[in-house]
Amino acid sequence: MTRDVDYTWRLAELMASRGWHNSTDLTPHLRERGIDLSASQVYRLVTQRPERVSLKMVSALCDIFACGPEDLITTTAADARRTKTAAGPTNVTDLNKSIRPKRARVIADDN
C-alpha cells in the first residue's frame, strides 16, 4: 500500500510567536550562526514552503527558536486512496471491431 506523505513548514508561526513579523528580523540571527542569505532568500524561506533545506539550516533555525525539528516541520502521512477501476466497459462500442471504414473509390471526371 502506498502512503501520501506531506509536511507543513512552520517557520512563519515560530517567528510570529517571538513577535518577529518581518523576514529581516531573522537575517542577523542566521548570520550569527554562519548562514549568510540575501534578503530575498530569507523572505522565500519564511513565506514559502521549501522543497530542499540543508540540515545546517534546520539546525540553525532550531537553535534560534530553541525548538526541535518537529516544531519547525510538521509531517503527515496517510494511506493513499485506491481508485476503483471498472471491470469492463458496458456501454462503450469498440470501434475497431464493429465499425470498419470502407475503401474510397475514385471515379474519373468526365468533362
Sequence-distant residues sharing a close amide H with TYR7 (under 5 Å, placed H) | THR76
Note to self: C-alpha centroids of the stretch 1-35 and the stretch 63-80 sit apart, in Å, by 11
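Work through the residues other than THR74 whose Cβ is under 11 Å from its Cβ and net out their charges, Lys, Arg +1 and Asp, Glu -1.
Numbers: positive: ARG10; negative: ASP6, GLU13, GLU70, ASP71.
That works out to -3.
Considering all projection directions equally, how large on average is the shadow of the alpha-carbon convex hull of the stretch 3-79, in square nanometres? Display every interim value, and only then the final one.
Numbers: hull surface 20.4 nm².
Average projection, Cα convex hull of the stretch 3-79: 5.1 nm².
Here, each number is a calculation from the coordinates, and none is a lab measurement. Since we're looking at a predicted model, the values are computed, not measured. Cβ sites come from the backbone with ideal geometry, for glycine too, and all protein chains shown count toward neighbours.
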